[in-house]
Number of protein chains: 4
Amino acid sequence: MSIVRILSAVALLIFVASKVSAQTPPGESTWASEWGADDERGAANRITPRKVLEATRLIKEGRIYELGRDYEAGMPLFPGRHYSLTIPGSPTGGPIGSNDVVWHDEMVSGQIGQVGTQFDGLGHVGTRVDGEDVFYNGFKRSEFGTSGGLNKLGVEKAGVFVTRGVLIDVAGYKGVERLPVGTVITTADLQDALRQQSVELSEGDVVLIHTGHGALWMVDNEEYNRGAPGIGMEAALWLAEQKVAMTGADTWPLEVIPSEDAEVAFPVHQELIARRGIYNLENLDLSEVAADKVYEFAFMFAPVKFKGATGSPGNPIAIK
Amino acid sequence: MSIVRILSAVALLIFVASKVSAQTPPGESTWASEWGADDERGAANRITPRKVLEATRLIKEGRIYELGRDYEAGMPLFPGRHYSLTIPGSPTGGPIGSNDVVWHDEMVSGQIGQVGTQFDGLGHVGTRVDGEDVFYNGFKRSEFGTSGGLNKLGVEKAGVFVTRGVLIDVAGYKGVERLPVGTVITTADLQDALRQQSVELSEGDVVLIHTGHGALWMVDNEEYNRGAPGIGMEAALWLAEQKVAMTGADTWPLEVIPSEDAEVAFPVHQELIARRGIYNLENLDLSEVAADKVYEFAFMFAPVKFKGATGSPGNPIAIK
Amino acid sequence: MSIVRILSAVALLIFVASKVSAQTPPGESTWASEWGADDERGAANRITPRKVLEATRLIKEGRIYELGRDYEAGMPLFPGRHYSLTIPGSPTGGPIGSNDVVWHDEMVSGQIGQVGTQFDGLGHVGTRVDGEDVFYNGFKRSEFGTSGGLNKLGVEKAGVFVTRGVLIDVAGYKGVERLPVGTVITTADLQDALRQQSVELSEGDVVLIHTGHGALWMVDNEEYNRGAPGIGMEAALWLAEQKVAMTGADTWPLEVIPSEDAEVAFPVHQELIARRGIYNLENLDLSEVAADKVYEFAFMFAPVKFKGATGSPGNPIAIK
Amino acid sequence: MSIVRILSAVALLIFVASKVSAQTPPGESTWASEWGADDERGAANRITPRKVLEATRLIKEGRIYELGRDYEAGMPLFPGRHYSLTIPGSPTGGPIGSNDVVWHDEMVSGQIGQVGTQFDGLGHVGTRVDGEDVFYNGFKRSEFGTSGGLNKLGVEKAGVFVTRGVLIDVAGYKGVERLPVGTVITTADLQDALRQQSVELSEGDVVLIHTGHGALWMVDNEEYNRGAPGIGMEAALWLAEQKVAMTGADTWPLEVIPSEDAEVAFPVHQELIARRGIYNLENLDLSEVAADKVYEFAFMFAPVKFKGATGSPGNPIAIK
């Protein structure tokens, strides 16, 4: 992977993007949450006990699929982030006691909630409006952001996702191994693939999109990071209308990169997370569920409760 | 919390312990795993699809209990470890694009797998034998330990724990809010409490022990860290005989501290993890499940796949 | 040291302070630098080649005094900061080659420029004025602050301090081992001590103040951190008039804590660093130079060029 | 820079090297230090007050040359190491007080003593002999290495280097801008260049070698990291005989890479640091002193006293 090339590409993107004056009006969607002015959980409110039971009923065989990737040196990273794990010492501690016990621990540093398989919480993305950074439910960064963590929208507020999961295998539907970087996934693509899979969405689902892009992970990191196939704004809005709780994909940004409109940066993140309170999972490994045509399953993910964090690492699972 | 006092206490413990020459013979339990010479998963092998289905059938209401604690500055830590989370920048990135998107991430450092609610993997604890550090299944540190992670027994090998969970409320059984530091929990205590709860253990269960010690968390960190009530070696061996997959408690060490034999350091860790391949969860919040008398439940925990790590943070859950 | 108590004290201070509305007008001192509108070096401009030669001429014996402290676990820290050093591995690398070379490195994390013996650069302290954070020479945080480092006033711009150093032994002058926490050091104190020492200040000097407070370091960290003796605003302004390049002390804040006016937080930092461009060194060990009555010396300190950092660790030296 | 390519190259080197059985006998040089069995300072003992005065007398103009580089994202790194600096918050702290003070600090992580401009202390490099890692003066890792720092040979023991510095401009002598990667610098090269410069070495000097390789820094990191011109073992031994205190270069390894003998890894490090106690500085910027033909100067470097560390960052200086 050439970090330099990626950095150049991103720098260019940022440069181009930043030269464009803000033209997109916030639109008619307001910042107010449908769950009330104090709500910090967004679409996680859709995970009701009834939804948990609906998910549970999908478990027929007891087979678990791990959708999370290993966190390791050399994995693709967003420019500027790092991940480091070392084992201190030889061993870390001991031997002590007449039983000569020894132990290891690990020293980890990095943007832990935003590297590798990552969960985007509601404090991750916002919009600058009139000099103020506005996040989900209208919360203002100047009022909740601190150097030691977010006082609102921290990932510890999100709770746990035990819900129905749906895989939409767009690559499979289109009959390709991998959608090329930049492929825009449309509402029609999602609907047609769902129809072929004989699956319908329902409120509170987690929707995971298989693009095949994940096959590049640790194989061709440069191509992996160069961009991604993904949903455009139309499909994002349709998913929001279906009242999903979370989206996810086997790519780093979920949404298509480069963006449909080169002057707009990460619009789907902004729409789904900041306005709709819909969470997002990135850098998933969906190869096994796609190969086994597991389109509907019990989905489980419990974000690590790093207080005030914007995201979380983890190993989301599908159970059939 | 006086870190200095804790450090002093631990230093004293270490000093005393290290002065004792190794007297405890490894005993009759061998280092060989019952799952074969190559096995790196230990008691996680007991989580079969059938066990997953057994757990699933316990979900009747769809109610989720979060057993994990927030990770935050000021939480109790084992001496020498740290946890730091900061949010870089103002905000971390942006605004970019005509849509003026902004974003945050978080910089985290620390012994992430071994702070706060923590999962002890099989690379965490071993025993020095004839100058070599021996871990689960006889794997030798000199052959799998590297500065960048463990080549054997890394937490990414453990897989996912979806299984039957059993709470043993020893504090409740004894009619106290909190068992004092140093209280040895015996096999009889566990059996009597289980009988009162009308619950029996079965192979592959996760067994969580409520001592009430967790009420000290962030309230009296000094007392929390000074020691703990917990199982002694007798109870540990009994749990191992029940073929549990994992133990856990609302304390930092699971086992009783100070140890029953002052010359022996963390013998239960050594027995359960290193010899039996049984995993362990520490610093759980069991107050709600105990209050609601949720003694049997579907348990779920998916360790973060930090490659080569000894443990994992996370938010284990109980569903009833 | 009780971190909790310190945190409480600081929290209280912050609470009290933040309740007070901003009453102090910026005063007549403007934000403009005497070294021009683009200047990012402040009083480091006073270290001219002529000043280097003046310092050099003070070296008569070739004896070096180290004024920096060891960075180590357990040292006093400002609330919220940490310092961690671990040695990865066993060893970190090797053996490789037919020569079986092995090596160690170290993993360090923390607020490295602002822990232990620390150098305050010009990006460290500023003032909020009409919603904008204004730093030395009027530079605005909104224009130079980024999550990855400061684009203005980074410590790498400061250059190197080879200059005349002057020790003012206020504790010695007052005939005490240690000035109590909260002792305000006045202009008269500085002038009288200098007169007793038969030393005068000149432009570009580094002035180090011995209070004896440093004797508490790693001995009574709680008292060390509780506050400090130090200069008040009057003495700070007098030092600024002497056109010194840098101040320093054997305390963590240089200035007196609690402040003379309880409603004003770190006013001396604000005045000297943000308005005057005068650097500052904290947590020095001045015991040896004071004991040996080394009042005038060649002073040398080269900040580590962490690009965009606010400060630097290091080991400043005095040579006589 | 392609990290992957570098990692591959290093992996290959390690693979090749590790396949070769240890053939090189430790030779006749013993492990014992000439400064006594307890010595932990090595050639720093050569920096006497007399030597400080000798250095001081070389200061004629008071002009300072900074030989240290900026530490920044994207700088060349040894495989497996990282450097990260972020500024927490917006700002990090404040405003507090009626004076509305605000402040920044920085969060740094990385192998701080062994990234960027770096100083190799005596705990950095050793040799495995009969299963034991032996360092300077025969100190054994098993006796001084701990997970939290080295109990012997820590960089805080090295003291301060104020001494005569000599630049040997080998690139200049050979009439080239830059010696190609892999160029072996011989004793004759050093002697001839010194003769041309009309400079002789003396005991306790710091000897810095200009190869021109430093021009690749942040310009062509891949080529910079691929290898380096540098001294071979013959020149290393000659420098050791001259009783220098420290070596240094504008390359990452000082010594020639690939090594003269492909089966031997970093033999010069092993010889100079581990056997001779001679320190080393890497990744220097020697372009200015070379351009100005500053061959003899007062050299100053005070390692940061990270207790138990193997090295130090810093900004070494030359003064003429």
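The values are calculated or read from the model by the stated rules, or taken from the named source; none is laboratory data. Here the structure is a predicted model, which means the values were calculated and not measured. Note that we place each Cβ from the backbone using ideal geometry, even for glycine, and neighbour counts take in every protein chain shown. Heads up: the accessible areas ignore ligands, DNA and RNA and are worked out on the full protein's heavy atoms, side chains in. Shrake-Rupley method; radii C 1.70, N 1.55, O 1.52, S 1.80 Å.
Taking the residues in segment D:263-289 that are open to solvent by 10 Å² or more (accessible area, probe 1.4 Å) and in contact with a strand residue (DSSP E or B) (Cβ under 6 Å, 6 or more places away or on another chain) as candidates, determine which candidate is farthest from D:N225 (Cα to Cα). Top of the filtered list is D:E288.
Does D:V219 fit the bill of being without any contact (Cβ under 8 Å) to a residue 12 or more places away in the chain, more than 30 Å from D:T146 (Cβ to Cβ) and in a loop (DSSP other than H, G, I, E, B)? First the steps, then the outcome.
Details: without any contact (Cβ under 8 Å) to a residue 12 or more places away in the chain: yes; more than 30 Å from D:T146 (Cβ to Cβ): yes; in a loop (DSSP other than H, G, I, E, B): yes.
Considered against the rule, which asks whether it is without any contact (Cβ under 8 Å) to a residue 12 or more places away in the chain, more than 30 Å from D:T146 (Cβ to Cβ) and in a loop (DSSP other than H, G, I, E, B), D:V219 comes out as yes.
Could you say whether any residue in segment A:85-94 is in a loop (DSSP other than H, G, I, E, B), open to solvent by less than 10 Å² (accessible area, probe 1.4 Å) and more than 9 Å from chain D (Cβ to nearest Cβ)? There is no residue in segment A:85-94 that is in a loop (DSSP other than H, G, I, E, B), open to solvent by less than 10 Å² (accessible area, probe 1.4 Å) and more than 9 Å from chain D (Cβ to nearest Cβ).
Within segment C:90-126, take every residue that is on the phi > 0 side of the Ramachandran plot and of a type outside the set (D, E) and give me the one that is nearest to the chain's Cα centre (by Cα). Please lay out each step first, then the result.
Initially, segment C:90-126 is screened for residues on the phi > 0 side of the Ramachandran plot, giving C:94, C:97, C:100, C:110, C:116.
Still in the running and of a type outside the set (D, E): C:94, C:97, C:110, C:116.
Values: C:G94: 40, C:G97: 46, C:G110: 17, C:G116: 10 Å.
So, considering only residues that are on the phi > 0 side of the Ramachandran plot and of a type outside the set (D, E), the one nearest to the chain's Cα centre (by Cα) is C:G116.
Can you say whether A:E260 is modelled with pLDDT of 95 or more, open to solvent by 10 Å² or more (accessible area, probe 1.4 Å) and either of a type in the set (S, T, N, Q) or farther than 27 Å from A:G36 by Cβ (or both), as far as the supplied structure shows? It is true that A:E260 is modelled with pLDDT of 95 or more, open to solvent by 10 Å² or more (accessible area, probe 1.4 Å) and either of a type in the set (S, T, N, Q) or farther than 27 Å from A:G36 by Cβ (or both).
Evaluated against (1) surrounded by fewer than 24 Cβ atoms within 10 Å (Cβ to Cβ); (2) within 9 Å of another protein chain (Cβ to nearest Cβ); (3) without any contact (Cβ under 8 Å) to a residue 40 or more places away in the chain, A:H104 falls short on exactly one condition, (1). On the stretch given as segment A:304-317, residues that are closer than 12 Å to B:M300 by Cα and either more than 7 Å from chain B (Cβ to nearest Cβ) or among the charged types (D, E, K, R) (or both) total 1.
Filtering segment C:174-194 for residues that are more than 13 Å from chain B (Cβ to nearest Cβ) and more than 30 Å from C:V289 (Cα to Cα) leaves an empty set. Of the residues that make up segment C:168-178, is at least one within 24 Å of C:F299 (Cβ to Cβ) and assigned to a strand (DSSP E or B)? Yes; the residues of segment C:168-178 include at least one that is within 24 Å of C:F299 (Cβ to Cβ) and assigned to a strand (DSSP E or B). Applying the condition of being under 24 Å from D:Y224 (Cα atoms) and without any contact (Cβ under 8 Å) to a residue 24 or more places away in the chain to segment D:174-197 and asking which residue is least open to solvent (accessible area, probe 1.4 Å) yields D:G175. Note on segment B:118-140: among residues that are more than 8 Å from every other protein chain (Cβ to nearest Cβ) and part of a loop (DSSP other than H, G, I, E, B), the one that is most open to solvent (accessible area, probe 1.4 Å) is B:D130. For C:L77, state whether it is buried (at least 24 other Cβ atoms within 10 Å of the Cβ) and either under 22 Å from the mean Cα position of the chain (by Cα) or in a helix (DSSP H, G or I) (or both). So C:L77 fails the test.
If the condition is being open to solvent by 10 Å² or more (accessible area, probe 1.4 Å) and closer than 20 Å to C:V268 by Cα, then segment C:161-173 contributes only C:D169.
Could you please give the count of residues in segment A:61-84 that are aliphatic (A, V, I, L, M), in contact (Cβ under 8 Å) with a residue 24 or more places away in the chain and at the interface with chain B (Cβ under 7 Å from one of its Cβ atoms)? Can you show your working first?
Residues of segment A:61-84 that are aliphatic (A, V, I, L, M), as a first pass: A:64, A:67, A:73, A:75, A:77.
Remaining after also requiring in contact (Cβ under 8 Å) with a residue 24 or more places away in the chain: A:64, A:67, A:75, A:77.
Checking which are at the interface with chain B (Cβ under 7 Å from one of its Cβ atoms) leaves us with A:64.
Residues that pass the stated criteria total 1.
Can we say B:M233 is at pLDDT 95 or above, on the phi < 0 side of the Ramachandran plot and away from chain A (no Cβ under 14 Å)? Here the answer is no, as B:M233 does not meet what is asked.
Among residues of segment C:238-266 being touching a residue at least 40 places away in the same chain (Cβ under 8 Å) and assigned to a helix (DSSP H, G or I), the one that is farthest from the chain's Cα centre (by Cα) is C:W238.
Being of a type in the set (A, V, I, L, M, F, W, C) and either part of a strand (DSSP E or B) or surrounded by 24 or more Cβ atoms within 10 Å (Cβ to Cβ) (or both) is the filter here; which residues of segment B:290-317 pass it? Can you show your working first?
Keep residues of segment B:290-317 that are of a type in the set (A, V, I, L, M, F, W, C), which gives B:290-291, B:294, B:297-302, B:304, B:306, B:309, B:317.
Within segment B:290-317, B:F297, B:A298, B:F299, B:M300, B:F301, B:A302, B:V304, B:F306, B:A309, B:I317 qualify.
The residues in segment B:228-237 that are part of a loop (DSSP other than H, G, I, E, B) and of a type in the set (G, A, S) can be counted, and the count is 1. Of all residues in segment A:287-303, count the ones that are in contact with a helix residue (DSSP H, G or I) (Cβ under 6 Å, 6 or more places away or on another chain) and under 16 Å from B:A302 (Cβ atoms). Total meeting the criteria: 2. Of all residues in segment D:32-49, those being modelled with pLDDT under 95 and not in a loop (DSSP other than H, G, I, E, B) number 0. Residues that are hydroxyl-bearing (S, T, Y), more than 30 Å from D:L77 (Cβ to Cβ), surrounded by 20 or more Cβ atoms within 10 Å (Cβ to Cβ) and at pLDDT 95 or above occur at least once in segment C:50-63. Step by step: first the residues of segment C:141-160, then only those that are within 15 Å of D:W103 (Cβ to Cβ) and within 14 Å of chain B (Cβ to nearest Cβ), then the one that is surrounded by the fewest Cβ atoms within 10 Å (Cβ to Cβ). Which residue is that? Among residues in segment C:141-160 that are within 15 Å of D:W103 (Cβ to Cβ) and within 14 Å of chain B (Cβ to nearest Cβ), the one surrounded by the fewest Cβ atoms within 10 Å (Cβ to Cβ) is C:F144.
Consider segment B:199-216 and keep the residues that are in contact (Cβ under 8 Å) with a residue 24 or more places away in the chain and either assigned to a loop (DSSP other than H, G, I, E, B) or charged (D, E, K, R) (or both). The one that is nearest to B:I319 (Cα to Cα) is B:D205. Applying the set (1) surrounded by fewer than 24 Cβ atoms within 10 Å (Cβ to Cβ); (2) assigned to a strand (DSSP E or B); (3) among the polar types (S, T, N, Q) to D:S109 leaves exactly one unmet item: (1). In this structure, C:I168 qualifies as under 21 Å from C:I209 (Cβ atoms) and at pLDDT 95 or above. Any idea which of A:E203, A:E177, A:E234 is charged (D, E, K, R) and more than 26 Å from A:G42 (Cα to Cα)? So the residue among A:E203, A:E177, A:E234 that is charged (D, E, K, R) and more than 26 Å from A:G42 (Cα to Cα) is A:E177.
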